Each structure stands twice: as C-alpha cells, then as structure tokens.
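Written out below as structure tokens is the structure these notes cover.
The values are calculated or read from the model by the stated rules, or taken from the named source; none is laboratory data. Being a predicted model, the structure only gives us computed values, none of them experimental. FYI the Cβ positions are ideal-geometry reconstructions off the backbone, even for glycines, and counts take in every protein chain you see. Surface accessibility is based on the protein's heavy atoms, side chains included, excluding ligands, DNA and RNA. Shrake-Rupley method; radii C 1.70, N 1.55, O 1.52, S 1.80 Å.
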Amino acid sequence: MLEDFISGKKSLFASGVHTELRAQENRQRRVSLVQGNLTANVRTETSGVCARVYKNGVYGFSSTAQCNAAAAESVLNAATENAAFMDRHINKGKALFPPLSSGTLPPKKNICDTQQKAYVDFIKEVDAYIVSKYPKLSSRSVIMSEDSMDKILCTSDGFDGHITSPRSYIYIFMNTETDAGVPLELFKPVGGFGNFLENFDDPKKLYAQIDALYERLMKKREGVYAEAGYKTVVLGGVLAGMLAHEAVGHTVEADLVLGGSVAGPNLNKRVGSELVSLVDFAHTAFGKQAPLPVWLDDEGTPAEDAVIIKDGILTGYMNSRESAAHFNMKPLGNARAWSFSDEPLIRMRNTAVLPGKDKLEDIIASVDDGYYLLDTNNGQADTTGEFMFGVCFGYEIKNGKLARPILDTTISGVAFDMLKTVDMVSDTVTWSSSGFCGKKQPMPVGLGGPALRCKVMIGGR
C-alpha cells in the first residue's frame, strides 16, 4: 500500500483557494486461458501524484508519474500557478464552494499483491473442470481480472483519507452452435469487491455456477427469435440495473445536465410511474455493503447516497462540489478520478432501482404474451435518455408461464417514457459490478435493480 508522503505538504497550500493533493497507485492483473492455452499473463502498475487548485471559478491541475515528497511539492506549485494563470485570463470571479466538515478517513481495505502463479493455477483448475464435464463445447475461455486503486488524499477544505478499492473477478465464457450452425455465447462473471485471495479460495466453489451457465447455454441452443415490436416485458435485475446506469444515471450527472441532457428540464417532474425510485448508493445498500463501496470521493467529500428518482419524480442530480454549488444542492461524493493523471469527474457509484412489493412469479404470471429478459452483453444510451441494450438470454412468456428461450435480440426506448410504463416491481434486487463505465476515464461501478414489468421495443430476427 502507498506510504503517506503528502500529509506534511498541507502547510504549503495557498490561502483563499481550494486545494486537493493526491498520491495514487493503480494495479491491474489479468490472466486468460482460451481453449486451455495461456493467452495473457499481465501485471501493470501505474503511480504518481497530482494536485488541483480551484480559484475564482477555474481549476489549475498538474500531475507527474513520480511518487515522492519532491514530486508532491512540484505538482502543488504548478497547479497553484496554473490556477492563477487561468484566473487572470478568464476572470470568472466565482466564490469558493460552501465549506465542508473536515476529518480523516482511514483505509477500509488493504491492497494485497498475489503471485501470478496463484492466478494461473486457479483458472487452470476451473478450465479443467469445464473440459472434463462439458467436452462438446465449441470453445471456452476463463479469464481472471483483478484491479485496484490506492489513493491518499489531502484537501484544504474537506476530509483527508486513504482510499482503497480492490476488486477481483473470474469471467467464464462458453460457446456452442445451434443445429443450424448459428454461433452462441454466454458468459458469467464471478467475484466482487476485495482482493483475489479473499474472493477465490477454492475452485470447487465455482462449479455450481459453471453448471448453471452450461445449462442455460444448452437451453439457448433450442431458442427462437423474438417477435419484433412494442411488447410487454419483464426486465430482470441486471437489465434494470443497466437501464439505471446507462439510460438514467448518465443523464443526471450534473456536468451532462449542464451540457443539455434531458434531466435538466425534468427536475421535480414525473419521469416514471409511482413505483419507480432510483438511488446512487455510496457504500451501503439495503442494510449491506454496496457492491463497490465508496466512502470518500477525490474532492474530499464524504460519500452519501444520492436519491435520483423518488416515487417517479426526478428529485436530484449527481454532483461535484462545483456543480452542487451551481444547482444549490449538497455534494454527496460523486467526483472520482481513475488515475493519478486524471482530474475528478462526476461518476456513478452503485446505481440501482429500488425494490417493490411484487413477487417475480406473480409478475410473470400477469403477462399473457411477452418476454422475460435476463442477461445483457452490451448497452448504450445518450443524454436524451434514448437507449438500446443487447439481450443475450431470455424466455417467451405465454399465458403467464415461461415458454421457449430466445436467441440474441435488442430492446430500445426512451428511459423517461419507458419508466412511466412500469406497473410491477419485484421485491428482490440483483447486482452487477464486474464492468467499467467509460465516461472519458474508466471507472469501476455497480448497478442493479429488481425485475420490472414494462413496455419496450424489442428486436426480431
């Protein structure tokens, strides 16, 4: 873990400005087996220090790929000079942010290194199980990925802290073909927040999930194409989470609101049925630790939950300290940076639709002719809230019962229109946290939701 060489530099902070000084190390580990062959065996580490200074409405930023006390002084001086230069030429004349309480947060998790051999041996055993039990797959891949951010942050106004964010996953891909020769693929990520050795101590613990993935793939072999059109569907929790992140979450990031997103004119207006509530959770959700907990952001703001939609009404945005001051909202810890060379941007953390009171079996039973959509392999949306998501597994629903599996398809719509059609919400939330959000910088995020009955456009053959 990082050694603290920056706390003693706070005495060098200039007066009358807001200053952030951050040292950071990112680690990434990746091992890939394709058809049992080792195709990737990677260890990368990047580290450095950066400073950002806010003066009269403008920022000065500086970073260097060195991680020591002299580098901290250098970037601090450069960022202060850059802020003064920008202020002289732009002259916005804005006041400082409203003050925050101050304190220090200790690290919540250690960053532990693992020998590369441990990764390789583990996934080789997983791969051997797949080969021995399911030899007729057309291809298979097993990938181990571990990444972490380790940050020490000092601010002139706000909390200081040692922020640690390790996560580790194993991705299992299985491929086959239909009788007509159409290639099919399904994958399953396993893991979550924490170091590899915390999440993976015995390959045998993955076998039940491997079996379930294979069973689902074999069902997909018998699948049919969905009938295109505007349909009643039951979105599974992963797809509800994708909707929460891509089609709603990005529209309510305050920098994108200022850029003209659909959320701007809809604040305090109805954007969904009264059954729809949506929250960007900080570190705790539904009485448990959130999938990727955030306790402190990179501006020194202690993280709190951001309520976005309450009972169908758009109630707030996700903010930095600057945008919160602009919109007269409270900053809740959404400003995060991926690397030492990145400035903090407004980012999501663990964004989810809240559960309702309906049982999944009752929701399915209520549909005469529609689809139950479970898994997604991609998705995109824009600041209008218009979205299109790939669906890689689901079922027909006929007369209130699950029928044939379906082949790959898509769903599309406009989020704030589609959410108004939600008329049943299940009582159980499913989370996903194995991907990255790609807004200018990569960022680990969690997303989730309950099953939703709604209407969307579904693609056909």
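Find the relative contact order for region 1-128 and round it to a whole percent, using C-alpha pairs within less than 8 Å whose residues are 6+ positions apart. All intermediate terms of the calculation are to be shown ahead of the outcome.
Working: 190 pairs, mean separation 29.1, N = 128.
The value is 23 percent.
Could you calculate the contour length gain from MET457 to SER412, that is, 0.36 nm times the residue separation minus the distance between their Cα atoms, to one decimal place in nm?
Answer, rounded to one decimal: 15.7 nm.
Could you give each residue of region 158-168 its phi-based ³J(HN,Hα) in whole Hz, using Karplus coefficients 6.51, -1.76, 1.60 with θ = phi - 60°, and x for Gly or Pro?
With coefficients 6.51, -1.76 and 1.60, one gets x, 8, 9, x, 10, 9, 10, 9, x, 8, 8 Hz.
Determine, for each peptide in 184-196, 44-56, the mean count of other beta carbons within 10 angstrom over its residues, then list the peptides with the highest first.
Descending mean neighbour count gives 44-56, 184-196.
Spin-label point model (7 Å from Cα, Cβ direction): what's the VAL224 to THR104 distance in nm?
6.6 nm
Rounding to the nearest 20 debye, state how big the charge dipole of region 109-161 is about its Cα centre with +1 on each Lys and Arg Cβ and -1 on each Asp and Glu Cβ.
Numbers: 7 positive and 9 negative charges, 112 e Å.
Roughly 540 debye, rounded to the nearest 20.
Once the dipole of the chain is set up with Lys and Arg at +1 and Asp and Glu at -1 on Cβ about the Cα centre, which of ALA95, ASN56, ALA403 lies farthest towards its positive end?
ALA403
Going by accessible area, probe 1.4 Å, with all protein chains left in place, what is the ranking of THR315, THR164, largest first?
THR315, THR164
If Rh is defined by the Kirkwood formula over all Cα pairs and Rg also comes from Cα, what ratio Rg/Rh do you get for region 200-290?
A ratio of 1.09.
If we count every other residue with Cβ under 12 angstrom of ASP305's Cβ, Lys/Arg +1 and Asp/Glu -1, where does the sum land?
+1
Charges only on Cβ, +1 for Lys and Arg, -1 for Asp and Glu: so what's the dipole of region 132-199 about the Cα centre, in debye to the nearest 20? Write out the running numbers ahead of the final one.
Numbers: 6 positive and 9 negative charges, 82 e Å.
Charge dipole, region 132-199, about its Cα centre: 400 debye, nearest 20.
How much accessible surface does HIS89 have with a 1.4 Å probe, in Å² rounded to 10?
Result for HIS89: roughly 130 Å² accessible.
Mind ranking 73-80, 258-265 by how tightly packed they are, going by the mean number of other C-beta atoms within 10 angstrom, highest first?
Numbers: 73-80: 20.2, 258-265: 16.1.
Ranked by mean Cβ neighbours within 10 Å, highest first: 73-80, 258-265.
Need the list of lysines near LYS439 for cross-linking: C-alpha distance under 25 angstrom, and skip anything on the same chain fewer than eight residues off.
Within the straight-line cut-off, LYS439 pairs with LYS151, LYS188, LYS330.
So what is the calculated 222 nm ellipticity per residue for the chain, using -39500 (n - 2.57) for each DSSP H run with n of 4 or more, over all residues, to the nearest 500 deg cm²/dmol?
Here the helix-only value at 222 nm equals -5500 deg cm²/dmol.
Would you mind getting me the FRET efficiency between ILE313 and ALA40? Use the beta-carbon distance for r and R0 = 60 Å, nearest 0.05.
0.80
Could you order ARG43, ARG453 by accessible surface area, starting with the largest, using a probe radius of 1.4 Å?
ARG43, ARG453
Would you work out which of PHE200, ASN41, ILE143 lies farthest towards the positive end of the dipole of the chain? Charges go on Cβ: Lys and Arg +1, Asp and Glu -1.
Of PHE200, ASN41, ILE143, it is ILE143.
When the chain is fully extended, how far beyond the present Cα-Cα distance does THR428 get from PHE327, taking 0.36 nm per residue of separation? List each step's numbers first, then the result.
Working: separation 101, 0.36 × 101 = 36.36 nm, distance 3.37 nm.
Difference between extended and current length: 33.0 nm.
Considering only protein heavy atoms, what is the solvent-accessible area of SER7 at a probe of 1.4 Å, reported in Å² to the nearest 10?
Surface open to solvent at SER7 totals about 60 Å².
Could you tally the net charge around PRO183, taking each other residue with its Cβ under 12 Å from the Cβ of PRO183, Lys/Arg +1 and Asp/Glu -1?
Spelling it out: positives minus negatives among the neighbours equals -1.
Of PHE5, TYR169, THR301, whose Cα points farthest to the positive end of the dipole of the chain (charges on the beta-carbon: +1 Lys, Arg; -1 Asp, Glu; origin at the Cα centre)?
TYR169
May I ask you to list the aspartates and glutamates whose Cα is less than 17 Å away from that of LYS288, ignoring any residue fewer than eight positions away on the same chain?
Hits, sequence-local ones excluded: ASP280, GLU304, ASP305, ASP427.
Given the whole protein assembly as supplied and a 1.4 Å probe, what does the accessible area of GLU146 come to in Å², nearest 10?
10 Å²
Can you compute the FRET efficiency between GLU215 and GLN116 using 1/(1 + (r/R0)^6), with r the Cβ-Cβ distance and R0 = 22 Å? Round to the nearest 0.05. List each step's numbers first, then the result.
Working: r = 32 Å, r/R0 = 1.47.
Between GLU215 and GLN116 the formula returns 0.10.
On each of the three principal axes of the Cα atoms of the chain, give max minus min coordinate, whole Å, ordered largest first.
Extents along the principal axes: 70, 55, 37 Å.
What size of dipole, in debye to the nearest 20, comes out for region 230-375 about its Cα centre when the only charges are +1 on Lys and Arg C-beta atoms and -1 on Asp and Glu C-beta atoms?
280 debye
Can you put TYR372, TYR119, TYR59 in order of accessible area, largest first, using a 1.4 Å probe?
Working: TYR372 25, TYR119 0, TYR59 50 Å².
Largest to smallest exposure gives the sequence TYR59, TYR372, TYR119.
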